[in-house]
Amino acid sequence: MSASGGTKAIVAALAANLAIAVAKFVAYLFSGSSSMLAESVHSLADSGNQGLLLLGGKKAQREATPQHPFGYGRERYIYAFLVSIVLFSVGGMFAIYEGYEKIHDPHEIEAWYWPVGVLVFAIIAESFSFRTAIKESNEVRGGLSWTEFVRRAKAPELPVVLLEDLGALVGLVLALGGVGLALATGNGVWDGIGTLCIGVLLILIAIVLAAETKSLLLGESAGVDDVKKIEAAVVDGDTVTRLIHMRTLHLGPEELLVAAKVAVRHDDTATEVANAINAAEERIRAAVPIARVIYLEPDIYSATAASAGQNPAKAPGGSAH
């Protein structure tokens, strides 16, 4: 994912959520609607989340240090995980608490035109933010479905904004439904039910975000396409004759570590082996530019060991190094 695309989507969502949060809170003050209070807290939490994503992106740009030799690229994963925690606690749990209180102590909605007008405005504003996130995501998701994109994306910002905006739109519809039913029936319990539904929705989205960012924090390999490109680039058929095995790891959304054992000819000199490794590294970086940290270990391939199910680089009784 391009950093500029993710930043554009975050800024669009931040601007929309700040304006919506103020409008919702004003509507709550005039109407007393618990759905509006829950939605105003939801938008405020979303605004804070977008601030966290921007902060994580900024911190991830720091140069590597002796204490952190692989840099700070995973800062973006950490702040995305914090977003899921904020969404769960500040957004979801608060909405459930407010909905519970409203169901046990319902009251009529006053000045109904405030919450209805603000909700319609919020739906329009969130739709523009959602449209920006979809547009930026379409530029990088390729042929992946939306579910696959959220699950496989190595840069967390766009999936986070997509899910937040989707949750915001669905939450607004739930709030509008709760307020509408409360006005139609004169029973404020419906407003509380709508608020409860918003809380459940936010908690579900937070769980999905937490699961996906946890996987990134633990360390994910390169995508299938990048792995194939690296495998094709390593072997030239002349100096590097075979890829014995390989491991890849994302140090950050746009930085990949590649560690592999490659087969070279048994009669190559040390200089020829060194040149072969350097050339292979250049081919890998040309094929996958985010492969910035590469460790290649030369070895002699053993067909006998391979056919016996052993480490193909280790002949019986010999060493693989």
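Listed values, structure above:
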quantity: Failed criterion for ALA211 (all others in (1) buried (at least 18 other Cβ atoms within 10 Å of the Cβ); (2) part of a helix (DSSP H, G or I); (3) among the aliphatic types (A, V, I, L, M) hold); calculated: (1)
quantity: Matching residues, the stretch 73-91, being at pLDDT 90 or above and hydroxyl-bearing (Ser, Thr, Tyr); calculated: TYR77, TYR79
quantity: Subset of the stretch 63-98 [of a type in the set (D, E, K, R) and either under 19 Å from LEU166 (Cα atoms) or exposed (fewer than 15 other Cβ atoms within 10 Å of the Cβ) (or both)]; calculated: GLU63
quantity: Residue in the stretch 238-256 that is among the small types (Gly, Ala, Ser) and touching a Phe, Trp or Tyr at 6+ places or on another chain (Cβ under 8 Å) present; calculated: yes
quantity: Matching entry among ARG283, ARG247 (being charged (D, E, K, R), outside the structural domain of GLY56 (by TED's automatic domain parsing) and surrounded by 15 or more Cβ atoms within 10 Å (Cβ to Cβ)); calculated: ARG283
quantity: Some residue of the stretch 132-145 being loosely packed, with under 14 Cβ neighbours inside 10 Å and either farther than 28 Å from SER221 by Cα or outside the structural domain of ILE198 (by TED's automatic domain parsing) (or both); calculated: no
quantity: Residues satisfying the stated conditions in the stretch 218-242, i.e. exposed (fewer than 15 other Cβ atoms within 10 Å of the Cβ) and assigned to a helix (DSSP H, G or I); calculated: LEU218, VAL224, ASP225, LYS228, GLU231, ALA232
quantity: Given (1) free of Cβ contacts under 8 Å to residues at least 40 places away in the same chain; (2) within 30 Å of GLY252 (Cβ to Cβ), index of the condition ALA21 fails; calculated: (2)
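The values are calculated or read from the model by the stated rules, or taken from the named source; none is laboratory data. As the structure is a prediction and not an experimental result, all values here were calculated from the model. Because the Cβ atoms are built from the backbone with ideal geometry, glycine has one as well, and the counts that use them run over all protein chains shown.
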